[in-house]
Amino acid sequence: MRETVPIPRATNERRVWLRVGTLLDGGCAPPVRDAHVVYSANGILHAGADAPPRSVLDPGQKAPDCDLPQFTLLPGLIDAHTHFFLEGGELDADKRTEHLKQTPEKLLELARLRLEKLVRLGIAACRDAGDKDGVGLALSKMCASEARPLMPYIDSPGAAIHHRGRYGSFMAEPFEECVTPQQCVAARVKAGAYRIKLIPTGIINFKKGAVTAEPQMAAERISEFVAAAKSFGRQTLAHASGDDGIQRVIDGSVDTIEHGFFVRDDQLVRMRDRQIAWVPTFAPVQKQVDHADRMGWDVEIVANLQRILDRHAESLVKAHALGVQVIAGSDAGSYGVAHGRDFLYELELMERTGIPAIAVIHSATGASADRLAFREKFGWIKSGFLSRFILTRYSPLDGLANLRKARTVVFDGEVFETDGSENFTGM
């Protein structure tokens, strides 16, 4: 049995008509069975249970190019939290340190090597979460250029904003370098930032099993940054863990909360009511458990980590039930979290919490597309959206680990077949 299927290449002039057994359009509604999708290199022309009208087909076409009753079609995936300047798959601490000592030019060169691999994996887009070396900004500009190579959509905030002497100096520049939040945001927008990244809190103290440092920013300061970002038409994403810091970013009305470990139930309700989305990023903490021996964590610390993950899982289940906007992001680049491959792991970790597979897929497709105001239209299988999707014999509704198996990726009409044995060196 052939695991992938030879699909014709679509061009601006050549339209392709597929009939598939199951269509996941990027939403949370039940899948469409026995669906039709028609597309060109420019985008999707028709999608749904109804047969396509003649107006969207090539002249004289009367039947699908491919009839695939055993296959599922879903949008290309969106990883909403990545750090392209970091090599996440590297586990050697000394090598990770040496990696960061390289020039910005070399870091960009290494990041570029990942781009085609991500497309072939089925990653249609990445929201970079910041670096001070200009790697994310360079990739964002490359994505928007006429000379764009084969790559996912990428946008970036450039250097994140933090408090001098506090967590984040490896990817951020201190707000003390600017006179006002407005000036600080203006400088980043001038540099090419598509959105603004704030670091209002520190990180989890794994030995203590808690966020032990006081938040870096007051709610009033966060509000000033949010207002400044809005004046330039920019969204804000905020690194925040610990209930005190999370409360401050909620009060500051950021667009998305990144990580959000130790979020309280009442805070989830406020996030829903204020339409603040949550990017929970299970993978970086789970990787600490997976590689505990290498990290030197003892039984007590591993128990702390597992307790944190269990509470985070409970919070995700509650967020889903409450209707909080949940968006999938891997934190690729952090320790052990490889670009691309471990975004699939992130989706599997979200599924393990007990929320439905279709809700996880929505968080990695339509939910991101709807909330994050990307420059391009992807994440949905609808007329008017770009033709970037995954076709697989192995339904992700039967387990999101199926996304690791053989698949066909269509990206702007180009066709890439993979057997699930990709080389992830350097990711």
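Before moving on, here are some points about what is shown:
- Where helices (runs of 4 or more DSSP H) sit wholly within segment 317-380, those with at least 1 residues that are in contact with a helix residue (DSSP H, G or I) (Cβ under 6 Å, 6 or more places away or on another chain) occupy 341-352, 357-363.
- Residue match in segment 177-189 (condition: under 25 Å from the mean Cα position of the chain (by Cα) and open to solvent by 60 Å² or more (accessible area, probe 1.4 Å)): no
- Among (1) under 17 Å from Ser315 (Cβ atoms); (2) in contact with a Pro (Cβ under 9 Å, 6 or more places away or on another chain); (3) open to solvent by 10 Å² or more (accessible area, probe 1.4 Å) - the single one Ala227 does not satisfy: (1)
- Screening segment 28-66 for residues that are part of a loop (DSSP other than H, G, I, E, B) and among the polar types (S, T, N, Q) and picking the one that is least open to solvent (accessible area, probe 1.4 Å) gives Gln61.
- Of all the numbered requirements in (1) of a type in the set (Asp, Glu); (2) open to solvent by 10 Å² or more (accessible area, probe 1.4 Å); (3) at pLDDT 95 or above, Asp419 misses one, and that requirement is (3).
- Close pairs (6 angstrom Cβ cut-off, 6 or more residues apart or separate chains): over 17 Å from Leu309 (Cβ atoms) in segment 256-271, part of a strand (DSSP E or B) anywhere: Thr256/Leu237; Thr256/Ala277; Thr256/Val279; Ile257/Ala238; Ile257/Ala240; Ile257/Trp278
So that you can scan it fast, the table gives a plain yes or no per residue for (1) buried (at least 16 other Cβ atoms within 10 Å of the Cβ); (2) touching a Pro at 6+ places or on another chain (Cβ under 7 Å); (3) part of a strand (DSSP E or B):
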| site | (1), (2), (3) |
| --- | --- |
| His99 | yes, no, no |
| Gln102 | no, no, no |
| Lys117 | yes, no, no |
| Ala124 | yes, yes, yes |
| Gly130 | yes, yes, no |
| Ala138 | yes, no, no |
| Leu150 | no, no, no |
| Gly158 | yes, no, no |
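- Of the criteria (1) open to solvent by 40 Å² or more (accessible area, probe 1.4 Å); (2) acidic (Asp, Glu); (3) closer than 20 Å to Ile257 by Cα; (4) assigned to a loop (DSSP other than H, G, I, E, B), which one Glu90 fails: (3)
- Candidates are the residues of segment 387-416 that are surrounded by fewer than 20 Cβ atoms within 10 Å (Cβ to Cβ) and hydrophobic (A, V, I, L, M, F, W, C); the one that is farthest from Thr353 (Cα to Cα) is Val415.
The values are calculated or read from the model by the stated rules, or taken from the named source; none is laboratory data. These numbers come from a predicted model, not from an experiment. Heads up, the Cβs are rebuilt from the backbone with ideal geometry, glycines too, and the neighbour counts pull from every protein chain shown. Accessible surface areas use protein heavy atoms only, side chains included; no ligands, DNA or RNA. Shrake-Rupley method; radii C 1.70, N 1.55, O 1.52, S 1.80 Å.
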